[in-house]
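Step one of this worksheet: look at the structure below.
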Amino acid sequence: MHLKISGFCVPGQRWSVDANARIVRTAIDVFGASNYPVDGVVDRMTDIFDGFKAIAAPYSIADRLALFYDNAVEVYRM
């Protein structure tokens with residue numbers, strides 16, 4: 001099972017680490033990992049992706065590789 005961690009936002013507000021860290025970390029802990037976010041409608045992708053990297057910083061390098069690379073390879077058969 002895979003969970004795409006995207007679309008989490010506070011209506012009317014820009015995407016932020018503070019507003020999203022808890023739900024993103026819970027999703028990672030429960031489901032294991034995710035793939036690239038598609039929240040470009042609420043903020044710039046570079047800001048969101050930098051936020052995801054900051055949220056994932058406490059996880060091991062292997063976990064972050066699974067989160068940001070391995071899932072995309074598996075899900076999208078890259």
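The figures follow:
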read-out: Every pair of residues 6+ apart whose Cβ atoms lie under 8 Å, when the first sits in the stretch 20-45 and is within 20 Å of Tyr69 (Cα to Cα) while the second is hydroxyl-bearing (Ser, Thr, Tyr) and at pLDDT 70 or above; value: Ile28/Tyr59; Asn35/Tyr76
read-out: Single residue of Ala54, Ala33, Ala19 found to be in contact with a helix residue (DSSP H, G or I) (Cβ under 6 Å, 6 or more places away or on another chain) and at pLDDT 80 or above; value: Ala54
read-out: Any hit, the stretch 37-45, residues being surrounded by 13 or more Cβ atoms within 10 Å (Cβ to Cβ), at pLDDT 75 or above and closer than 15 Å to Ile5 by Cβ; value: yes
read-out: Cβ pairs under 7 Å, 6+ apart, first in the stretch 49-78 and touching a residue at least 40 places away in the same chain (Cβ under 8 Å), second loosely packed, with under 14 Cβ neighbours inside 10 Å; value: Asn71/His2; Val75/His2
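The values are calculated or read from the model by the stated rules, or taken from the named source; none is laboratory data. As the structure is a prediction and not an experimental result, all values here were calculated from the model. Please note: Cβ atoms are built from the backbone with ideal geometry, for glycine as well, and neighbour counts cover all protein chains shown.
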